[in-house]
Amino acid sequence: QVQLIESGGGVVQAGGSLRLSCAASGDMFTNYAMAWFRQAPGKEREFVSTIHNSGRSSYSADSVKGRFTISRDNAKNSVFLQMSNLKPEDTAVYYCAARSTYNPIARDVHYPYWGQGTQVTVSS
């Protein structure tokens, strides 16, 4: 099993940037593909980005392509989400998630491990 703790959320103006971090503990970090999801008030949780166990491949939702970048540091057991040119519609709770194999089309129900979430609020 792996435990996940997100950090880095906050309030930012539209057009600004934030970097989210997710620290993993427990099982070997490279055993897991990692992903970010988000959930806005009154909406379903949606996929944001995922990255291969090795970090060699990644995939992002169309809504964030060109603005968000997922990365990982396997030596530090951490995954990151660099968010730029933020928009009010990016406002949500952002969750880090883990599963054993990399699958760009895996839905949230296919991820067994989750962090507690970190709030990102983008003001207009």
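The values are calculated or read from the model by the stated rules, or taken from the named source; none is laboratory data. This structure is a prediction, so every number in the text was calculated from the model and none was measured. Ideal geometry is used to build each Cβ from the backbone, glycine not excepted, and the neighbour counts take in all protein chains shown. These accessible areas exclude ligands, DNA and RNA; they are computed on the full protein's heavy atoms, side chains included. Shrake-Rupley method; radii C 1.70, N 1.55, O 1.52, S 1.80 Å.
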- Message: Checking the cross-link filter: which lysines have an alpha carbon closer than 21 Å to that of residue 43, excluding same-chain neighbours under 8 positions apart?
- Response: 65, 87
- With each pseudo-label sitting 7 Å past Cα toward Cβ, what's the residue 74-residue 103 distance in nm, one decimal? 2.1 nm
- Item | Anchor residue 76: aspartates and glutamates whose Cα lies under 17 Å away (excluding residues fewer than 8 positions away in-chain) | 6, 27
- Query: Which of 64, 12, 109 moves most in a GNM of the chain, Cα contacts under 10 Å?
  - Reply: 109
- Task: Might you work out the accessible area of residue 18 for me, using a 1.4 Å probe with all protein chains in place, and round it to the nearest 10 Å²?
- Result: 30 Å²
- Task: Using a 1.4 Å probe and counting only protein heavy atoms, arrange 5, 105 so the residue with the most accessible area comes first.
- Result: 105, 5
- Could you tell me whether segment 68-124 comes out rounded, prolate or oblate from its Cα gyration tensor? Rule is a ≥ b ≥ c as square roots of the eigenvalues, rounded for a/c under 1.5, then prolate if a/b exceeds b/c, otherwise oblate. prolate
- In segment 10-118 the accessible area split gives carbon plus sulfur, as whole percent at 1.4 Å, a share of 47 percent
